[in-house]
1. Convex hull over the alpha-carbon atoms of the chain: what's its volume per residue in Å³?
2. If you average the C-alpha positions of the range 162-214 and of the range 1-65 separately, how far apart do those two centres end up, in angstrom?
3. Would you mind computing the Rg to Rh ratio of the range 124-197 from its alpha-carbon coordinates, Kirkwood style for Rh?
4. Counting pairs of alpha carbon atoms under 8 Å apart in space and at least six apart in sequence, what relative contact order in percent does the range 65-114 give?
5. Percent of Cα-Cα pairs per 10 Å bin, from 0 to the last occupied bin, for the range 71-130, please list those.
6. Does anyone have the angle between helix 169-178 and the longest principal axis of the chain? Alpha-carbon axes, 0 to 90°, nearest 10?
7. Where both partners of a DSSP beta bridge lie in the range 39-118, what percent of those bridges are antiparallel, to the nearest 5?
8. Relative to the longest principal axis of the C-alpha atoms of the chain, give the angle of the C-alpha long axis of helix 13-23, reported between 0 and 90° and rounded to the nearest 10°.
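We did not get these values from a lab; they are worked out from the coordinates using the rules stated. Predicted, not measured: the structure shown is a model, and the values here were computed from it. FYI the Cβ positions are ideal-geometry reconstructions off the backbone, even for glycines, and counts take in every protein chain you see.
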Ligand code: URA
């Protein structure tokens, strides 16, 4: 894994192979969706590498032993709609994670992201202690991720990590600047955005390719 400041590139060979498959414009919906979800699972291995564990005594068939266990509240926060494509992949390894959807659209006039849906657990004991993982496959301008982080912080979340598959340098700069406390995990840092706001080389519109709406 490569890292610099708050950016971590999870470039495992299995991830690179699957990323090449989803970059290919010939890859159809089923394979696109499956490979994207598998990349999310493989990334989760690194994303969760340093999460704190508690100790617990359990009894094996032979004797008692102190084991380590995950007691922190884990929240997966997919940004609608493309973030849904990564959710199953993460849930596969943290099945008890709470799913807190964030819906944002871009206002045609102001071009600013507007919230239309945000459902988060209001009854968790210590909101500032929960670990939140924002999921959005494409980190292009960073505008949507920035808005999602702000919404989550507004209600009291403090431990926020952003997980995307492909990112552009401009977005990394924006998130690092606005949220120096937020770690960013990517499978690849691509070159730039084109005039239409797509990541180059990227993989096209992730939402359209996941849901077949192209
Ligand atoms: N959103 C996408 O789905 N793809 C891009 O390249 C940029 C934003």
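1. 142
2. The two parts, judged by their Cα centres, are 18 Å apart.
3. 1.00
4. Numbers: 45 pairs, mean separation 18.1, N = 50.
RCO, the range 65-114: 36 percent.
5. 21, 43, 27, 9, 0
6. 50
7. Counting only bridges with both partners in the range 39-118, antiparallel ones make up about 75 percent.
8. Tilt relative to the chain: about 30 degrees.
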